[in-house]
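The values are calculated or read from the model by the stated rules, or taken from the named source; none is laboratory data. Keep in mind it's a predicted model, so treat the numbers as computed, not measured. For neighbour counting, all protein chains shown are included, and Cβ atoms are generated from backbone atoms with ideal geometry for every residue, glycine included. Ligands, DNA and RNA are excluded from the accessible area calculation, which covers all protein heavy atoms including side chains. Shrake-Rupley method; radii C 1.70, N 1.55, O 1.52, S 1.80 Å.
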Amino acid sequence: MALFAYSRLSHLLKISVYKSSVLRTGSEIKHGATCCVQFKRCQRSVDSKALQERQRQQMARGLPKQKPIPGVKQVIVVASGKGGVGKSTTAVNLALGLMANDMSKSVGLLDADVFGPSIPKLMNLKGNPELSDNNRMIPLTNYGVPCMSMGFLVDDVAPIVWRGLMVMSGIEKLLRQVDWGSLDYLVVDMPPGTGDVQLSITQNIPIAGAVIVSTPQDIALLDARRGAEMFKKVNVPVLGLVQNMSVFQCPKCNHETHIFGSDGARQLADTLGVTFLGDIPLHITIRETSDRGQPVVISSPNSPEAAAYRTVASAVVQRLQKVSS
């Protein structure tokens, strides 16, 4: 009898435990399910961050290590999202403006636009570079600025029909096989766009900052914005925007006309949170002096156009000091 009672009691206890586990309240079940979902989400978040970190490390291992150019203290790249906005002319006059503002500074000019080199024409330079004792190319010099360009290595009218690997090899030679001597600034005239050359340069050498050139028109500003965003993604400081061809002044009546619109680059700079470096007018003197290979900062130093470039150069130096501090 006692054995039967104990067996019965044990059976009842098992049933009650089972029922209590089945007959939980809805709030308890929901609470348990919520905790489970939150745990899984947290786990997925941790896994995603770990995956991103592994991918970043793998990509970093695949990228070339940045090595400074011997003798060069700071590299300034002048870029644009599209061609035809006066980027090369701006780069040349920026280099000369940096020297004009402080004669103690040494400035070099590198033409990285492999397919459309403009620096030889703008700086009135021809010929092939000689080789130094350590088999490095010696830049051609005019107006006190040493220059290197693919235009010195090929014929004036010869088209450069190269695939990507050949372009990268050419850029590598321009970066690593040139004897620049001692430079405070190396201004690099970048090709238009946001492609292989831009990425190769930013990944190979430390860049102090990028100057974005654009006209005020909307179509140019769209590409200028892409250029600025690209430099931000590769951790290159954007020094600011230059608004080129900002206003045309009639040489006869002095009436000013905003042919490409007004203040577009200034508004874009505000949108991006970067500095507006200055306006460069659309003036016939800039075009004529550039075509003659006598940049306006050198040939017409007292003109308002030359003063505009020197103002931009001064703003660039101020931004460099702020970025490096």
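Odds and ends about this structure:
- Residue satisfying all of: in region 189-238; modelled with pLDDT under 85 and not in a helix (DSSP H, G or I); farthest from Ile280 (Cα to Cα) among these: Gly195
- Odd one out for Thr275 among (1) over 15 Å from Ala210 (Cα atoms); (2) open to solvent by less than 60 Å² (accessible area, probe 1.4 Å): (1)
- Positions within region 87-101 being open to solvent by 20 Å² or more (accessible area, probe 1.4 Å) and either under 21 Å from the mean Cα position of the chain (by Cα) or without any contact (Cβ under 8 Å) to a residue 24 or more places away in the chain (or both), in sequence order: Thr89
Here is a yes/no grid of residues against (1) aromatic (Phe, Trp, Tyr); (2) surrounded by fewer than 17 Cβ atoms within 10 Å (Cβ to Cβ); (3) part of a strand (DSSP E or B):
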| residue | (1), (2), (3) |
| --- | --- |
| Gln267 | no, yes, no |
| Thr271 | no, yes, no |
| Asp279 | no, no, yes |
| Arg287 | no, yes, no |
| Val297 | no, no, no |
| Glu305 | no, no, no |
| Val323 | no, yes, no |
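- In this structure, Gly261 does not qualify as touching a residue at least 12 places away in the same chain (Cβ under 8 Å) and not in a loop (DSSP other than H, G, I, E, B).
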